[in-house]
Amino acid sequence: MNNSSQILREMQSLQKTWRQQNFMFTKEQSSRYQELSMLRHAFISYWKEQGLVWSGPSNVGKAKTESAA
């Protein structure tokens, strides 16, 4: 598995299963979720190191100001 979206999809599938199983994981599911979580954290850490993740304040809803020069 080398794609971050595939990892995320499998994590979401496991979360759905977790809910259906009365909020309990089997040992195999738990270890798989931990493995996927570590892979996801590695992807995000790499993106942050490369400057590919925005970590500043949100600009949603703020008026855009343009100065006429």
Charges only on Cβ, +1 for Lys and Arg, -1 for Asp and Glu: so what's the dipole of the chain about the Cα centre, in debye to the nearest 20? 220
Take every Cα-Cα pair in the chain and report what % of them are more than 14 Å apart. 71
Among THR17, LEU39, LEU52 the positive-end extreme of the charge dipole of the stretch 4-67 (Cβ point charges): THR17
Loop-only check: which chymotrypsin sites (Phe, Trp or Tyr not before Pro) in the chain are DSSP coil with at most 11 other Cβ within 10 angstrom? PHE23, TRP54
Keeping every protein chain in place, order ILE44, ILE7 by accessible area at 1.4 Å, biggest value first, i.e. largest first. ILE44, ILE7
Of all the stretches in the chain, which is the longest one without any exposed loop site, taking trypsin sites (Lys or Arg not before Pro) in a DSSP loop (any state but H, G, I, E, B) with at most 10 other Cβ atoms within 10 Å? 1-61
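Under a 1.4 Å probe, what is the accessible area of the chain per residue, stated in Å²?
89
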Can you pull the accessible area of LEU39 for me, 1.4 Å probe, Å² to the nearest 10? 70
Carbon + sulfur, % of accessible area of the stretch 1-47 - ligands and nucleic acids excluded, 1.4 Å: 54
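The values are calculated or read from the model by the stated rules, or taken from the named source; none is laboratory data. Everything numeric here is computed off the predicted structure, so don't read it as measured data. Note that each Cβ is placed from the backbone with ideal geometry, even for glycine, and that neighbours are counted across all protein chains shown. Surface areas here come from the heavy atoms of the whole protein model, side chains and all, with no ligands, DNA or RNA. Shrake-Rupley method; radii C 1.70, N 1.55, O 1.52, S 1.80 Å.
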